[in-house]
Amino acid sequence: MIKYLLLYALVAIISSTVYTQTKVSENILTLDSLATSPKATLNDVAWISGNWKGKAFGGITEENWSEPSGDSMMAAFKLIVDNKVNFYEIEIIRQVKESLILQLKHFSGSLKGWESKDETVDFPLVKIDKNIAYFDGMTFEKVNTNEMNVYVLMHDKNGSASELKFNYKK
């Protein structure tokens with residue numbers, strides 16, 4: 001009997017590590033609390049590099065992603081509304097152990113930081129496929145060589161969440 005209880009406990013532990021993500025919207029996954037990010041390298045997301053332009057928030061968006069180097073990729077984002085910069089972001093995807101993490105900081109149009117000096121907004125890797133990278137709350141989808149979609153989980157002041165799609169073209 002103890003043998004079967006131990007076997008059952010082992011199966012339960014193994015099963016809990018298999019289900020590491022939860023779908024929170026049509027295109028966004030979140031990493032379950034006890035889960036770890038899957039193995040991945042920057043080469044798996046190198047297709048994100050490039051100069052991307054799109055429309056969102058009633059304006060024009062631009063993201064410029066570098067090629068992988070120095071165990072990271074970096075990007076600058078800006079939103080232009082009515083010919084004025086509304087806000088900027090500095091973003092990185094970096095190699096952490098055997099996986100990836102996306103981190104960013106926001107800045108106003110006058111370059112005043114939104115987050116405190118040492119604070120970043122972190123998106124650990126949840127799942128990766130050939131043409132899609134799911135970070136916790138943000139998904140990058142390669143449509144083709146010159147087009148990608150970025151899906152972001154947005155939270156409003158009431159705490160409800162919705163998915164925002166950025167369609168970018170090179």
Handout entry: Relative intensity, log₁₀ I(q)/I(0), of the chain from a Debye sum that treats every alpha carbon as a point, q = 0.09, 0.10, 0.17 Å⁻¹
Key = -0.36, -0.43, -1.11
Practice task
Could you tell me which of the pairs 105/170; 97/127; 84/157; 53/84; 105/165 are separated by over 21 angstrom between their Cα atoms in the structure shown?
Solution key: 105/170; 84/157
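Under the 0.36 nm per residue contour assumption, what length would be gained going from the current alpha-carbon distance of residue 56 and residue 108 to full extension?
Gain on extension, residue 56 to residue 108, equals 17.1 nm.
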Practice task
Enumerate the aspartates and glutamates that residue 117 could reach by cross-link, defined here as Cα to Cα under 16 Å, with residues fewer than 8 away along the same chain left out.
Solution key: 89, 91
Exercise for the section: With everything on Cα atoms, drop me the angle between helix 2-18 and the longest principal axis of the chain, reported from 0 to 90° to the nearest 10. Expected result: 10 degrees
Exercise for the section: Could you order peptides 110-123, 87-100 by the average number of other Cβ atoms within 10 Å of their residues, highest first? Expected result: 87-100, 110-123
Exercise for the section: May I ask you to list the aspartates and glutamates whose Cα is less than 14 Å away from that of residue 39, ignoring any residue fewer than eight positions away on the same chain? Expected result: 98, 129
Practice task
Name the residues whose placed amide hydrogens come within less than 5 Å of the amide hydrogen of residue 137, ignoring near sequence neighbours (fewer than 5 apart) on the same chain.
Solution key: 29
Problem - Per residue, in Å², the accessible surface of segment 74-116 once ligands and nucleic acids are set aside, probe 1.4 Å - result: 59 Å²
Handout entry: Estimated D of segment 91-147 in µm² per second, where Rh is the Kirkwood radius over Cα pairs and Stokes-Einstein applies at 4 °C, 1.567 mPa s
Key = 100 µm²/s
Completion exercise
Under Stokes-Einstein, segment 30-77 at 10 °C and 1.306 mPa s, with its Kirkwood radius over C-alpha pairs, diffuses with a coefficient in µm²/s of 123 µm²/s
Exercise for the section: Convert each backbone phi in segment 148-165 into a coupling constant with the Karplus relation 6.51 cos²θ - 1.76 cosθ + 1.60 (shift: θ = phi - 60°), then list the ³J(HN,Hα) values in order as whole Hz, x for Gly and Pro. Expected result: 9, 10, 10, 10, 10, 7, 9, 10, 8, 5, 7, x, 7, 10, 9, 8, 10, 9
Completion exercise
residue 72 and residue 21 label points (each 7 Å along its Cα→Cβ direction) are spaced in nm at 2.5 nm
Practice task
Provide the FRET efficiency to the nearest 0.05 for the residue 85-residue 147 pair, computing r from the beta carbons and using R0 = 35 Å.
Solution key: 0.90
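The values are calculated or read from the model by the stated rules, or taken from the named source; none is laboratory data. Values in this document were obtained by computation on a predicted structure and should not be read as measured data. Note: ideal-geometry Cβ built from the backbone for every residue, glycine included; neighbour counts use all protein chains shown. For accessibility, only protein heavy atoms count, side chains too; no ligands or nucleic acids. Shrake-Rupley method; radii C 1.70, N 1.55, O 1.52, S 1.80 Å.
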